[in-house]
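The structure appears right after this line, and notes come after that.
Just so you know, all these numbers are worked out from the coordinates, no wet-lab data involved. Worth saying up front: this structure is predicted, and the values here are computed from it rather than measured. Here the Cβ positions follow ideal geometry from the backbone for every residue, glycine too, while neighbour counts run over all protein chains shown.
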Amino acid sequence: MAHSLFRTLAVISAATAALAQLPANVTDQETIDLSDGRTVRYKEPKLCETTDGVKSYAGYLDIAEDKHVFFWFFESRNDPSTDPTTLWLNGGPGADSMGGLFDEIGPCSLNENLETELRTTSWNSLSNLFILSQPIGIGFSYADTLETPFPIDPTNPEELVPARLANADYRAVNSTELAGEDMWHAVRTLYEALPEMAPDVKSKTLHMGAQSYGGHWGPHFFNRFRKETEALGEDAPFEIGSLMVVNGLVDAMLQWPSFPQFSAHNTHGVHPDPMVTMAMEFSLVMKDVGCLAKLEQCEAIWDGGLSLTAGNTCNDASVACRNGVEFPFQAYTDTHNYDVRAVGAGKEGEGEPLPPAIYAPWLNTAEVQQALGVELNYTYTSSNAAGEVLAAFAPTGDFARSYRKDLEELLEAGVRVSLWHGDADWVCNWFGGEVLSLGTNYTNAEKFASAGYESLMVDGKHYGDTREYGNFAFTRVFDAGHAMPFYQPEAAYAMFERVITGKDLASGEHDIKDDYATSGPANSTYSQVAEKRKRSLNSAKFRI
């Protein structure tokens, strides 16, 4: 593993060493003019997706004079004319969706030599697929640009080279609601351009996958899309399909109380001293100043983040919960917040591997920039844009806000919604995901809660446990961290296929109907610790 890391770092350094000048101007983009001054600028990159006959398009959705949203659209490897389209978004806020593309569900990954390799479990094997970099200012998306010396080479942060970076007034989009407005305009702009840009794409059905802070993005954005398309009727540019939320934070009030429980009872056997868990529990329930009390104060005063008082109250709740309930576990177990098995995170050779996130140097090469039609350097943080987005969202209290109502409205409207949780994730752990699923208040809530867990089976292997009733499902995926599809790509691929084809999640053998229900135990009880103990005992018996 150490050899692989050092080789990759050497390749990264070599790839970025030549970047001593600004990215070249793009002159050969196609442009589509739409109404209201909107335009789409694009190229066919012929990168990443190299399957014969499969096209891709990348460029910008210019939804306003100062809002230029980067997109990358991949046609389906199967049949782009009849297959649906899926939008994937990472979270953050401020995490670029390039991460999901390269490390999880996109057509290619990058090896240690920064060479692309086709991913057989890419979601565009079954669907047209696209990613957006958002909010504005993240990744290649920009309001305007900034030319400044910047440490492009991550292996040499002291070396500054000329750079042209994405820039934005990050305070202009500082809440999920405002980000959702931009995403509605971006997605409708893409769909309006498809007949000219990608004439082979005919289906109007849109599915959506969202991860992490996508627990905010997914429910709110998709519900916004639903309302907008319903209002437009036959003039709607697309139709609503299904929503998949991967290790998402949807409702802090329901999910954050799970931290002490997961600390004490997670099935991976990673536990701090009991006194740490007790302190977390105390921080959760303290009168007036505890996590739950602060969240209740936020809920009572929330006005959409419009007033400074509401924003400060909800931000106080977020700070109280994260400092008192979330962070102590990481501090006292020396684990990664995205995977409790990654003990000694950042220490070479220790713990489970994390997604490599080595795509930034590749995206920074002149060849790739020209192919994608971008005139910007890619820094992932875009001059610390991710930090700027976090700083902008915090005062509005967006972290502590619940988007469960959007989830409930989608379910009531008949939209299929599934919550997927890798069971080694800490920051959006499956204990909280299960509580969220059982606390979602909609017509069939009691019937959903009464459904038992069935084994998630793929090619004869038990990958997890699923509770499902009608159009709602919760799945615990074994041995997966925060970026679940990275750890269990075969399971994620099968789950995706089952969702978009209307099959049950557990087996893929049953058509989903309004009264479909899983059957089995009320709890998911599989324990990695118990399984290891059993294997150890069996091994000892064999040696005897």
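Tell me the trypsin sites (Lys or Arg not before Pro) within segment 465-514 that lie in a loop according to DSSP and have at most 15 other beta-carbon atoms within 10 Å. If you can, show how the numbers build up before the last one.
Details: sites: Arg467, Arg476, Arg498, Lys503, Lys513; in loops: Lys513.
Hits after loop and neighbour filter: Lys513.
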Would you mind checking segment 488-509 for residues with the amide N under 11 Å from a putative spin-label position 7 Å along Cα→C-beta of Asp459? 489-491, 494
With a point put 7 Å past each Cα toward its Cβ, work out how far Phe327 is from Leu232 in nm, to one decimal. 4.3 nm
Given H placed 1.01 Å from N in the peptide plane, which residues other than close sequence neighbours of Gly464 have an amide H under 5 Å from its amide H? Leu456, Phe478
Alpha-carbon centroid distance for the pair segment 45-124 / segment 246-311, whole angstrom: 35 Å
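Give, as a single signed number, the net charge of other residues whose beta carbon lies under 14 Å from the beta carbon of Tyr378, with Lys and Arg counted +1 and Asp and Glu -1. Can you show the working numbers first?
On the way: positive: Arg164; negative: Asp96, Asp153, Glu367, Glu375.
Its environment carries a net charge of -3.
What order do you get for 85-91, 265-271, 171-177 when each peptide is scored by the mean count of other beta carbon atoms within 10 Å, highest first? Intermediate values should be presented prior to the final figure.
Details: 85-91: 26.4, 265-271: 17.7, 171-177: 20.4.
Answer by packing, highest mean first, reads 85-91, 171-177, 265-271.
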Any idea which of Met484, Thr440, Met457 is furthest toward the positive side of the dipole for segment 437-495, if Lys and Arg beta-carbons carry +1 and Asp and Glu beta-carbons -1? Thr440
Sorted by Cβ neighbour density within 10 Å, fewest at the top, the residues Leu118, Leu505: Leu118, Leu505
With θ set to phi - 60°, apply the Karplus curve 6.51 cos²θ - 1.76 cosθ + 1.60 along segment 166-181 and write out the HN-Hα couplings as whole Hz, x wherever there is a Gly or Pro. 5, 9, 6, 7, 5, 6, 6, 10, 10, 8, 4, 4, 5, 4, x, 5
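Which FRET efficiency, nearest 0.05, do Glu158 and Glu509 yield, Cβ-Cβ r, R0 51 Å?
Values: r = 57 Å, r/R0 = 1.12.
After rounding, the FRET efficiency stands at 0.35.
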Exposure-ranked with fewest Cβ neighbours within 10 Å first, Asp334, Asp339 stand as Asp334, Asp339
Which of the following values of Kirkwood radius over Cα pairs in Å was calculated from the structure shown: (1) 26.0; (2) 24.0; (3) 27.7? (2)
May I ask which residue of Phe472, Ala210, Gly139 lies farthest towards the positive end of the charge dipole of the chain, with charges of +1 (Lys, Arg) and -1 (Asp, Glu) on Cβ and the Cα centre as origin? Phe472
What distance in nm separates the simple spin-label points at Glu147 and Ala300, each placed 7 Å from Cα in the Cβ direction? 5.5 nm
Can you list residues whose amide H is under 5 Å from Arg416's amide H, if they're 5+ apart or on another chain and H is modeled 1.01 Å from N? Leu243
Hz values of 3J(HN,Hα) by residue in segment 52-58 - Karplus curve (6.51, -1.76, 1.60), Gly and Pro given as x: 3, x, 9, 9, 9, 9, 9
So, R0 is 41 Å and r is the distance between the beta-carbons of Ala449 and Asp66; what FRET efficiency does that work out to, to 0.05? 0.30
Read phi for every residue in segment 29-41 and hand back ³J(HN,Hα) as whole Hz from Karplus 6.51 cos²θ - 1.76 cosθ + 1.60, θ = phi - 60°, with x for Gly and Pro. 7, 7, 10, 10, 8, 10, 6, 6, x, 6, 9, 10, 10
Ser527 versus His265: modelled label distance in nm, points set 7 Å from Cα along the beta carbon direction: 1.1 nm
Once you measure Cβ to Cβ distances between cysteines in the chain, which Cys have no partner under 4.7 Å? Cys428
